[in-house]
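To start, the structure under review is shown below, and the notes come after it.
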Amino acid sequence: MAGAAGGTGGTAPADAPAPARVGLPRVRFAPSPTGFLHVGSARAALYNWLFARHTGGTFVLRIEDTDTERNREEWVDGILSSLSWLGMEPDEGPYRQSERTEAYRQAVDALWEAGHLYACDCSREEIDARTKGNATPGYDGFCRDLGLERRGRALRFRVPDEGVTVVHDLIRGDVTFAHEAIEDFVVVKSSGAPLFVLANVVDDIAMDITHVIRGEDLLPSTPKGLLLWSALEGPETALPAFAHLPLLVNERRQKLSKRRDDVAVESYRERGYLAPALRNYLALLGWSDPHGREILTVEEMVGSFELSEVNHAPAFFDLKKLEWMNKEYLRAMPVDDFVEASRPWLAPDRVPWPPERFEEGMFRTMAPLVQERVAVLSEVPAMVDFLFLEEPLMDESSWASVAADEGARAVLEAALDTYSTCEWSAEALHRATQAMADSLDRKLNKAQAPIRVAVTGRRVGPPLFQSLEVLGREAVLERLRAARDRLGGTTG
Ligand code: GLU
């Protein structure tokens, strides 16, 4: 950062930054509703939110919906719902840019009056034809001095020919942009619609934003924003601080992309991730706790979050780690909470059993065992479906392992025999199965395998003896018989 005064952005000269805004921080999350809430945007929202909570500041939500061709109302609802699911309610807003067109119009008038804008009627094709092969890409200033009428034309900002704009970034330090490399950018389309950079800055000024915390992809547009800011507010104005957050990359170090990667918060929600786990995971994408904790309560995050601790290197969005974290959160839940959290995954349209066969008591009894084993809530039905189906859903590869096991039939016969009379509790079943395995000269787990497949339809699942106990003697015997008959042949 330049200057002990803590200047946080400014146009040239670089060593004389404008004063930083003072008072309690006001930050904003400003999504454009062009799709589901992206995990990168959710991370930006979270850092804004944590910063506001940590500093006692205000978290503003602003929907940047000026691009009528790409915005859809359902995306606005989706974004709001994902934010609220993640526990990031705004202190102010949501403001809608589509309702603030008058503010943009006034700003454009002021910029025009002060000579910062000029009208341009070059077509994209004309610009491309003229600038092909130019050392500096972008618009060539063709209409700059033509004095064209404003009406019906796009308006461009007259970027000074010389000097630099320095972005004082709390994460990256000073980033200097030479004006000669910044084109005269469009602020209003010929239709009169304001462009992102204009509406964004007009609102940051109007909403008294002190810190702009957002993705690194927006860094290139920041000098344009600063030029507009000074043009609107005068060169002495206090500017916001900037913090451009690191990119999120996949395991191949590629920027996370909508097409390639699963990037929607909504899709993690749909797959049974817990909001606190996802939030905890997102917090660590670029920031780490000074005490080295990985699992943090939201209060702990708020307590130790500092923008200055955010890293600028790309952050790896590691699905395995997210899954691990979710599992930790699931295991740490009180059982009752786990049962409640599982409930949406037990809805009739999500389960293979007829709804009337579901028994709450059975599910509750199994819940602590299931809780230990699933990584995401969407795995819950498969752990308990054997309880509520008439017949288990047979996983054919699990069945193949039974069919290939020469001693399987003998195990099933012995189990049928033992289980028809033994005491019916997990402990007694365990003891009886151990004795049975000993007499067949098998290891306990080798004896359990065919029984488990016969009863639950799968090689893996919750602990066998509890499963048998909950399912009940009659159903267990029936399934053992069916499996034995399916194996065919005689006792080996
Ligand atoms: N609306 C912009 C976007 O979604 C973000 C603007 C900002 O945070 O400054 O990319």
How much length is gained if the chain between residue 312 and residue 258 is pulled fully straight, taking 0.36 nm per residue apart and subtracting their Cα-Cα distance, in nm to one decimal? 17.2 nm
May I ask you to evaluate 6.51 cos²θ - 1.76 cosθ + 1.60, the Karplus curve with θ = phi - 60°, for each residue of region 198-203 and list the ³J(HN,Hα) values in order in whole Hz, giving x for glycine and proline? 6, 4, 4, 6, 4, 6
Mind listing the long-range amide H neighbours of residue 242? Cut-off is under 5 Å, sequence gap 5 or more, other chains count too, H placed in the peptide plane at 1.01 Å from N. 170, 212
Can you spot the lysines whose alpha carbon is less than 27 Å from residue 132's alpha carbon? Ignore those fewer than 8 places along the same chain. 189, 224
Would you mind calculating the gained length between residue 161 and residue 438 on full extension (0.36 nm times residue separation, minus the Cα-Cα distance), in nm to one decimal? 90.8 nm
Listed by chain and number, the residues whose amide H is under 5 Å from that of residue 93, excluding neighbours fewer than 5 places away on the same chain and using placed H, are 61
Under the rule of at least 5 residues apart or a separate chain, name every residue whose amide H is placed under 5 Å from the amide H of residue 154. 120, 190
Packing-wise, with mean Cβ within 10 Å as the measure, how do 255-268, 461-474, 198-211, 352-365 rank, highest first? 198-211, 461-474, 255-268, 352-365
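Which shape class applies to region 399-492: rounded if a/c is under 1.5, otherwise prolate when a/b exceeds b/c and oblate if not, where a ≥ b ≥ c are the square roots of the Cα gyration tensor eigenvalues?
On the way: a/c = 1.42, a/b = 1.27, b/c = 1.12.
Here region 399-492 falls in the rounded category.
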Sort 118-129, 392-403, 26-37 by the packing proxy (mean of other Cβ within 10 Å over each peptide's residues), most packed first. 26-37, 392-403, 118-129
What ³J(HN,Hα) values, in whole Hz, does the Karplus curve 6.51 cos²θ - 1.76 cosθ + 1.60 give for region 383-395 when θ = phi - 60°, with x put for Gly and Pro? 7, 10, 4, 4, 6, 10, 8, 4, 10, x, 6, 7, 7
Hull surface over four for the Cα convex hull of region 167-229, reported in nm², is 4.8 nm²
Part-to-part distance (alpha-carbon centres) for region 273-290 and region 357-431, which is given in Å: 36 Å
Bins of 5 Å from zero: percent of alpha-carbon pairs in region 430-477: 5, 22, 31, 26, 14, 2
Which three extents, in angstrom, do the Cα atoms of the chain have along their principal axes, listed largest first? 99, 48, 39
Per Stokes-Einstein, at 4 °C and 1.567 mPa s, what whole-number D in µm² s⁻¹ belongs to region 207-344, with the Kirkwood radius over Cα pairs as the hydrodynamic radius? 74 µm²/s
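Return the FRET efficiency for the residue pair residue 92, residue 357: r is the Cβ-Cβ distance, R0 is 60 Å, and the value is rounded to the nearest 0.05.
Here the calculated transfer efficiency is 0.75.
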Which lysines have a Cα less than 24 Å from the Cα of residue 320, not counting those fewer than 8 places away in the same chain? 255, 258
Tell me what the chain gives for mean residue ellipticity at 222 nm when only DSSP H runs of n ≥ 4 count, each as -39,500 (n - 2.57), the sum divided by the residue total, rounded to 500 deg cm²/dmol. -13000 deg cm²/dmol
Karplus couplings for region 224-229 from phi (6.51 cos²θ - 1.76 cosθ + 1.60, θ = phi - 60°), rounded to Hz, Gly and Pro as x? 4, x, 5, 4, 5, 4
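Read-outs throughout are calculated quantities, based only on the coordinates presented, and are distinct from any laboratory measurement. As the structure is a computational prediction, the values presented were derived from the model and not from experiment. Note: ideal-geometry Cβ built from the backbone for every residue, glycine included; neighbour counts use all protein chains shown.
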